[in-house]
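Peer 1: What follows is a single structure, and I will ask about it in a moment.
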Amino acid sequence: MSTVQEHQDSLASVSSRNPDVTDAAGKVHEYTTLCMQGQLSKQEYIELVKDIQRQLNINEHMVEQDNLILINTAINGLINLASIA
Amino acid sequence: MKKLILLSIIMLTGCATVNEAVDAFLMKYDNNEYKLITEIRTRASYGKDNCAYVEDSKKLAKELEYKSLFLKNYAEKLPHNKPVQESSVELHDMVKGLSDMYDKGSVSPIFCKIKFTSIEESATRIQQSEGNKPR
């Protein structure tokens, strides 16, 4: 069975081009350390780790919305150009 | 002509479905939604700096729980608004996690600070995208 330290080492070695992934790994590492030091209870730790996933989901939805906004700008720009032509 | 342009956009941008292209075409900035998310962000920002005052923090968590539920319900029936609808569910879950922890009793100052900071960050991310929506 793997140890907490092994998981911590894995998290510390996470290197991704996506800053959200690196940030998430850093947060899990930080919260695990705080929990081991007794500064966070187990319940608090679980809740904070769930938040990391929730934040990743929110970011994913907002990236989707940002893309829709870009498409909207393109659609309206093309319509305007077509109207002038 | 508009239909032709819309079809071209679908093909060029790789929209997975026609619905996505329609959402992109019809999405609109909503003043109330923007105001609500700004309120949540601002109160969370205030909360993270006041974790030493437990009763005040608990009251703020309850207030945020109501506000985030209000945002979730408000966004839910607005058409062409799927990303905010889904994000507001996640945000409400985050806030409820804080509020529930206060109901259970003990909340450590560090948990309070991290929680309010996470809520603030998420609200800021939603606000950033929301502000760019077409008027």
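The values are calculated or read from the model by the stated rules, or taken from the named source; none is laboratory data. Source: prediction; values computed, not measured. Cβ: placed from backbone, ideal geometry, glycine included. Neighbour counts: every protein chain shown.
Peer 1: Tell me which of these A:Q39 doesn't satisfy, since it passes every other one: (1) more than 28 Å from B:K72 (Cα to Cα); (2) exposed (fewer than 14 other Cβ atoms within 10 Å of the Cβ).
Peer 2: (2)
Peer 1: Sticking with this structure for a sec: Among the residues of segment A:42-77, which ones are surrounded by 16 or more Cβ atoms within 10 Å (Cβ to Cβ), over 17 Å from the mean Cα position of the chain (by Cα) and at pLDDT below 95?
Peer 2: Across segment A:42-77, the qualifying residues are A:N67, A:L68, A:I69, A:I71, A:N72, A:A74, A:I75.
Peer 1: Considering (1) over 12 Å from the mean Cα position of the chain (by Cα); (2) surrounded by 21 or more Cβ atoms within 10 Å (Cβ to Cβ); (3) among the polar types (S, T, N, Q), say which one B:S88 fails and leave the rest.
Peer 2: (1)
Peer 1: Are there any pairs with C-beta distances below 8 angstrom linking a residue in segment A:56-82 that is free of Cβ contacts under 8 Å to residues at least 24 places away in the same chain and among the acidic types (D, E) to a residue that is surrounded by fewer than 16 Cβ atoms within 10 Å (Cβ to Cβ) and not in a helix (DSSP H, G or I), with the two at least 6 apart or on different chains, and if so which?
Peer 2: As it stands, the answer is A:D66/B:N132, since those pairs meet every condition given.
Peer 1: Now for a separate question. Checking the condition farther than 29 Å from B:D100 by Cβ and in contact with a helix residue (DSSP H, G or I) (Cβ under 9 Å, 6 or more places away or on another chain), which residue from A:I75, A:I58 passes?
Peer 2: Values: A:I58 fails: farther than 29 Å from B:D100 by Cβ.
Going through A:I75, A:I58 in turn, the sole match is A:I75.
Peer 1: Go through the residues of segment B:64-83 one by one and say whether even a single one is aromatic (F, W, Y), within 14 Å of chain A (Cβ to nearest Cβ) and buried (at least 17 other Cβ atoms within 10 Å of the Cβ).
Peer 2: We begin by selecting, within segment B:64-83, every residue aromatic (F, W, Y); these are B:66, B:70, B:74.
Then drop every residue that is not within 14 Å of chain A (Cβ to nearest Cβ), which leaves none.
The answer is no, given that none of the residues of segment B:64-83 is aromatic (F, W, Y), within 14 Å of chain A (Cβ to nearest Cβ) and buried (at least 17 other Cβ atoms within 10 Å of the Cβ).
Peer 1: Just need a number here: residues in segment B:90-106 that are part of a helix (DSSP H, G or I) and more than 9 Å from chain A (Cβ to nearest Cβ). Don't jump to the end; show me each part of the working.
Peer 2: So the first thing to find is which residues in segment B:90-106 are part of a helix (DSSP H, G or I), and the list is B:90-104.
With the extra rule that they be more than 9 Å from chain A (Cβ to nearest Cβ), the set shrinks to B:92, B:95-96, B:99, B:102-103.
Selection size over segment B:90-106: 6.
Peer 1: Give all pairs with beta carbons closer than 6 Å in which a residue from segment A:42-53 that is more than 7 Å from every other protein chain (Cβ to nearest Cβ) and under 11 Å from B:F111 (Cβ atoms) meets a residue that is modelled with pLDDT of 95 or more and assigned to a helix (DSSP H, G or I); count only pairs at least 6 apart in sequence or on separate chains.
Peer 2: Matching pairs, first to second residue: A:Y45/A:Y31; A:Y45/A:C35.
Peer 1: Every residue in segment B:43-75 that is among the hydrophobic types (A, V, I, L, M, F, W, C) and touching a helix residue (DSSP H, G or I) at 6+ places or on another chain (Cβ under 6 Å), please. Lay out the reasoning, then the answer.
Peer 2: So the first thing to find is which residues in segment B:43-75 are among the hydrophobic types (A, V, I, L, M, F, W, C), and the list is B:44, B:51-52, B:54, B:60-61, B:64, B:69-71, B:75.
Listed by number, the residues that qualify are B:A44, B:C51, B:L60, B:A61, B:L64, B:L69, B:L71, B:A75.
Peer 1: Hey, another quick one. Name, by its number, the condition in (1) more than 10 Å from chain B (Cβ to nearest Cβ); (2) surrounded by fewer than 17 Cβ atoms within 10 Å (Cβ to Cβ) that does not hold for A:V28.
Peer 2: A:V28 satisfies every listed condition except (2).
Peer 1: Sticking with this structure for a sec: Looking only at segment A:1-28, count how many residues are more than 14 Å from the chain's Cα centre (by Cα) and part of a helix (DSSP H, G or I).
Peer 2: 9
Peer 1: Is one or more of the residues making up segment B:111-119 modelled with pLDDT of 95 or more and either of a type in the set (S, T, Y) or farther than 26 Å from A:L34 by Cα (or both)? Steps first, please.
Peer 2: So in segment B:111-119, the residues modelled with pLDDT of 95 or more come out as B:111-119.
Keeping just the survivors that are either of a type in the set (S, T, Y) or farther than 26 Å from A:L34 by Cα (or both) gives B:117-118.
Yes, segment B:111-119 has at least one match.
Peer 1: Any residue in segment B:107-135 that is facing another protein chain (nearest Cβ under 7 Å) sitting within a Cβ distance under 8 Å of a residue that is outside any helix (DSSP H, G or I) and among the polar types (S, T, N, Q)? List the pairs, counting only those 6 or more apart or interchain.
Peer 2: The qualifying pairs are B:S108/A:Q39; B:S108/A:S41; B:I110/A:Q39; B:F111/A:S41.
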